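Peer 1: One structure, as structure tokens, below. Some questions next.
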Amino acid sequence: MTNYTNFKVETGADGIAVVTWNMPDKSMNVLNEDVLTELDKIIDQVVADSTIKGAVITSGKDTFSGGADLTMMQKMLSVFKKEQKQDAEKAVQNLFDNVGRMTGLFRKLETCGKPWVSAINGTCMGGALELSLACHGRVVSDADGVKLALPEVKVGLFPGAGGTQRVPRLVNQQDALQMMTTGSSLTAARAKGMGLVHEVAPAKKLVETAKKMIRNGLKPVQPWDEKGFKLPGGAIYSAAGANLWPAATAILRRETSGNYPAALTILKCVYEGLLVPFDTGLKIEQRYFTHILQTTEAQSMIRSLFVSLQELNKGARRPTDIKPTKFKKIGVIGAGFMGAGIAYVTAKAGIPVVLIDRNLEAAEKGKAHSVDLITKEMQKGRMTAEDKDKLLALITPSADYAALDGADMVIEAVFEDRNVKQAATEQAEAVLGQNAIFASNTSTLPITGLAKVSQRPKNFIGLHFFSPVDKMMLVEVIMGKKTGEKALATALDYVRAIKKTPIVVNDTRGFYVNRCVLRYMSEAYNMLVEGVPPAMIENAAKMAGMPVGPLALNDETAIDLSQKILKATLADLGDKAVDPRHVELVNTLVEKYDRLGRKNGKGFYDYPARPAKKHLWPELATLYPQQDADKVDVETLKQRFLVTIALEAARVMEEGIVTDPREADVGSILAFGFAPYSGGTLSYIDGIGAKAFVKLAKKLQKDYGAQFKAPKLLTDMAENGESFYQKFNPYKPADKAA
Ligand code: NAD
């Protein structure tokens, strides 16, 4: 047996080396520099040892591997940027060489002359799947939940360690493109059906099955290295290719609006790579990867969607000197739409929940929501009857506040009414222990105000969930003026326990997310009033990278809620705070036409019975004189949406509501899907550069109004040539703005 730091190599009497990948101090195996160096040595060892006939690589953990450690890419880039200042050409050459390291290693493995089989015991992602594809055989465990994927496109990259060349040489091009451009996961059965893996085996017999492949004479030569190799599904210049390629580019355009350079590059790698010998294909891939890594999109997406997301999930903003809370019991008050969802995600995390409503019937109805959700999960094969029993046993519905006794934290989700909330706070505090935390899920009422009725405002905090609670991954943690560090730590521990992502936000009207979302919808109102055809408004937003058009989104959140918010803003902040044209628009929709949104089947859209699809309400275009669609500049519409939201995010930073750019970025993507390719609201500004962004905002301000006025923070940053990640550097607390 040979021990490496990350691997163990054991060769049995049958001459087969079992290489077990098990990184110390990591919950999941990842490909990093040390792993690559050791793997290189192991290949040499297997080749040099004449008693070894072949090798099986597997993992010593539950999962096979999550793929490459993306911080390795970040390091490569920072070296590149430094070298670039001295010698640009040499810097690119070095980057190209570094990018090719994994490619070269995997090619070495598949041409080493001895057979390798990957025994995939659990989820296998990205670079780890590319490693497996370089093996001559692949066996996957049939255990529940084993997934295979090349998800690089989701962080602005693409499979650049041979993936774009091996996948379409193993499976037909259509499946290959779909798998790589969407980054979606495959089950073991689907991977086998496609031809991506050779066998699916019971978990217990996995390594044995892999060994058997070698014993049965597995050839140490890949199909593409054999003479006369033919592509599955036909060559590029074949009838099948002629059918596929024009459609493939069109579909990609439809799905991405050209916003994701890496996705397009997958098509280029496959198309160009399949026209040339394999090694040339690898070079083509390596060149494109070197280019993609340098794009703003890749850098911003890696930062927000991988690095920052992980940091926030691991508690980057948690006060370090407070002991972690182990939750024995959580109370949820209000078993309505939100409270029922909160009870479900809490029980799913294995925490006992008491779910309180005004009467037992209402509380039980809230628990029944969990039954519905579990039934759907079971239909998809994601939960078992045993999971169901376990989860439901953790939820105790009750109408008696006394049942909250002993809870570590209570989350209030009663009606959005100060008096009702006050009563809930008082009744809960009467039974809760002195150290218990009280969290409100209010969406509009400032936490500082609600905390005034609390006996212990230090323990009072906001936990703003988004609907539907089971799907939405973000929670805004709202700090009232008097909220203490212990409350913050407990709230963050809870969000971590339920596997969601927290952002810490200081108290303000609308907090962070809703302030941005309101800007988005408000700009759509402006466009409607200007007579921009409604379909153009929706399409422009989607072309800008937003997942849901602003009018469709407003239908989901309800138009009468927008009316309420406008009225409240008018009452609290005066005439100047709202645009009378917006008031007129929502009043017309709500009062004259009873169009409240999706909830009453009538909003900006009509909602005919299924299977018919929703469509824009035809009368909407008659409310305002319409502009000639050919004369409306779509690029400007796209900019207006992204800029108005990004400006609000900048204001939120200026006001100290959000203090860490990672939170503004990640929050904007998780909560309302802000153009993910940009890396989020602040990365969008950083990507354009403060100076150019302010110039653009000024132009929009001149043409479309004061909503585009850049805050002083931004004009200062433009003058000083600063970015958000420099000015509010999250890694140097001392540099942070107050
Ligand atoms: P809802 O009307 O569906 O549910 C409220 C529940 O509270 C009802 O079941 C009601 O019977 C119960 N209730 C009222 N008074 C009570 C009391 N004194 N004690 C116990 N239970 C009581 O409302 P919802 O949509 O779930 O919203 C709840 C809270 O969450 C509100 O503050 C809302 O602003 C906030 N919120 C809502 C959303 C959303 O999308 N709906 C999103 C984020 C936050």
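Peer 1: Is it fair to say A489 is touching a helix residue (DSSP H, G or I) at 6+ places or on another chain (Cβ under 9 Å) and at pLDDT 95 or above?
Peer 2: Against the criterion (touching a helix residue (DSSP H, G or I) at 6+ places or on another chain (Cβ under 9 Å) and at pLDDT 95 or above), A489 does not qualify.
Peer 1: Also, quick follow-up: Can you tell me which residues in the range 300-315 are among the aliphatic types (A, V, I, L, M) and either closer than 30 Å to E226 by Cα or open to solvent by less than 20 Å² (accessible area, probe 1.4 Å) (or both)?
Peer 2: Selection gives M301, I302, V307, L312.
Peer 1: A follow-up question, please. Filter the range 380-422 down to residues that are within 11 Å of the ligand (Cβ to nearest atom) and without any contact (Cβ under 8 Å) to a residue 12 or more places away in the chain and give me whichever is nearest to the chain's Cα centre (by Cα).
Peer 2: The qualifying residue nearest to the chain's Cα centre (by Cα) is D417.
Peer 1: Please count how many residues of the range 195-224 are open to solvent by less than 40 Å² (accessible area, probe 1.4 Å), farther than 19 Å from T20 by Cα and not in a loop (DSSP other than H, G, I, E, B).
Peer 2: Looking only at that region, the number is 1.
Peer 1: Just the residues that are in a loop (DSSP other than H, G, I, E, B) and open to solvent by 10 Å² or more (accessible area, probe 1.4 Å), please, taken from the range 651-672.
Peer 2: Selection gives E655, G656, I657, T659.
Peer 1: Then there is this: I'd like the residue in the range 359-379 that is of a type in the set (A, V, I, L, M) and more than 11 Å from the ligand (Cβ to nearest atom) and, out of all such residues, is farthest from the chain's Cα centre (by Cα).
Peer 2: The selected residue is L360.
Peer 1: Residue under question is N506, and the condition is that it be open to solvent by 10 Å² or more (accessible area, probe 1.4 Å) and in contact with a strand residue (DSSP E or B) (Cβ under 6 Å, 6 or more places away or on another chain); does it hold?
Peer 2: yes
Peer 1: Could you list all residues from the range 569-597 that are surrounded by 15 or more Cβ atoms within 10 Å (Cβ to Cβ) and more than 18 Å from L528 (Cβ to Cβ)?
Peer 2: Residues satisfying the conditions are T569, L570.
Peer 1: If a residue has to be over 14 Å from D387 (Cα atoms) and either within 10 Å of the ligand (Cβ to nearest atom) or small (G, A, S) (or both) to count, how many in the range 331-358 make the cut?
Peer 2: Total satisfying the criteria: 17.
Peer 1: In the list A436, A430, which residue meets the criterion of being in contact (Cβ under 8 Å) with a residue 24 or more places away in the chain, farther than 19 Å from A362 by Cβ and either more than 14 Å from the ligand (Cβ to nearest atom) or of a type in the set (S, T, N, Q) (or both)?
Peer 2: Checking each option against the conditions leaves just A436.
Peer 1: Taking the condition part of a helix (DSSP H, G or I) and closer than 29 Å to T375 by Cα, does V475 pass?
Peer 2: No: the conditions fail for V475.
Peer 1: Does K388 meet the test of being charged (D, E, K, R) and under 13 Å from D493 (Cα atoms)?
Peer 2: Criteria not met by K388.
Peer 1: Just to verify a result, which residue in the range 446-464, among those that are assigned to a loop (DSSP other than H, G, I, E, B) and more than 30 Å from N554 (Cβ to Cβ), is farthest from the ligand (Cβ to nearest atom)?
Peer 2: Result: R456.
Peer 1: Read through the list (1) of a type in the set (D, E); (2) open to solvent by less than 10 Å² (accessible area, probe 1.4 Å); (3) more than 28 Å from A706 (Cβ to Cβ), then give the number of the only condition that E523 fails.
Peer 2: (3)
Peer 1: Identify the single condition in (1) more than 19 Å from L157 (Cα to Cα); (2) buried (at least 20 other Cβ atoms within 10 Å of the Cβ); (3) of a type in the set (D, E, K, R) that E297 does not satisfy, given that it satisfies every other one.
Peer 2: Of (1) more than 19 Å from L157 (Cα to Cα); (2) buried (at least 20 other Cβ atoms within 10 Å of the Cβ); (3) of a type in the set (D, E, K, R), only one is false for E297: (1).
Peer 1: Then there's this: Taking R318, is it of a type in the set (K, R) and outside any loop (DSSP other than H, G, I, E, B)?
Peer 2: When the stated conditions are applied, R318 does not pass them.
Peer 1: Looking only at the range 104-127, count every residue that is polar (S, T, N, Q) and either more than 27 Å from the chain's Cα centre (by Cα) or on the phi > 0 side of the Ramachandran plot (or both) and tell me the total.
Peer 2: 2
Peer 1: Oh, and also: Which ones in the range 235-284 are small (G, A, S), open to solvent by 20 Å² or more (accessible area, probe 1.4 Å) and over 29 Å from G679 (Cα atoms)?
Peer 2: A235, S238, A239, A240, A242
Peer 1: Okay, moving on. Which pairs have Cβ atoms under 6 Å, sit 6 or more apart or on different chains, and link a residue in the range 258-276 that is not assigned by TED's automatic domain parsing to the domain that holds F229 to one that is assigned to a helix (DSSP H, G or I)?
Peer 2: none
Peer 1: Which members of the range 104-135 meet the condition of being open to solvent by less than 10 Å² (accessible area, probe 1.4 Å) and among the β-branched types (V, I, T)?
Peer 2: Answer for the range 104-135, where residues must be open to solvent by less than 10 Å² (accessible area, probe 1.4 Å) and among the β-branched types (V, I, T): V117, I120.
Peer 1: Picking from F415, F438, which residue would you name as being open to solvent by less than 20 Å² (accessible area, probe 1.4 Å) and either of a type outside the set (G, A, S) or part of a strand (DSSP E or B) (or both)?
Peer 2: F438
Peer 1: Applying the selection to the range 543-568, what residues are part of a helix (DSSP H, G or I), over 21 Å from Y607 (Cα atoms) and touching a residue at least 60 places away in the same chain (Cβ under 8 Å)?
Peer 2: Those that are part of a helix (DSSP H, G or I), over 21 Å from Y607 (Cα atoms) and touching a residue at least 60 places away in the same chain (Cβ under 8 Å): M543, I565, A568.
Peer 1: What is the one condition in (1) over 30 Å from V643 (Cβ atoms); (2) surrounded by fewer than 21 Cβ atoms within 10 Å (Cβ to Cβ); (3) within 15 Å of the ligand (Cβ to nearest atom) that S467 does not satisfy?
Peer 2: Condition not satisfied by S467: (1).
The values are calculated or read from the model by the stated rules, or taken from the named source; none is laboratory data. Here the structure is a predicted model, which is why all the values come from computation and not from measurement. Every residue, glycine as well, gets a Cβ built from its backbone with ideal geometry; the counts of neighbours run over all protein chains shown. In case anyone asks, the SASA skips ligands and DNA or RNA and just uses the protein heavy atoms, side chains included. Shrake-Rupley method; radii C 1.70, N 1.55, O 1.52, S 1.80 Å.
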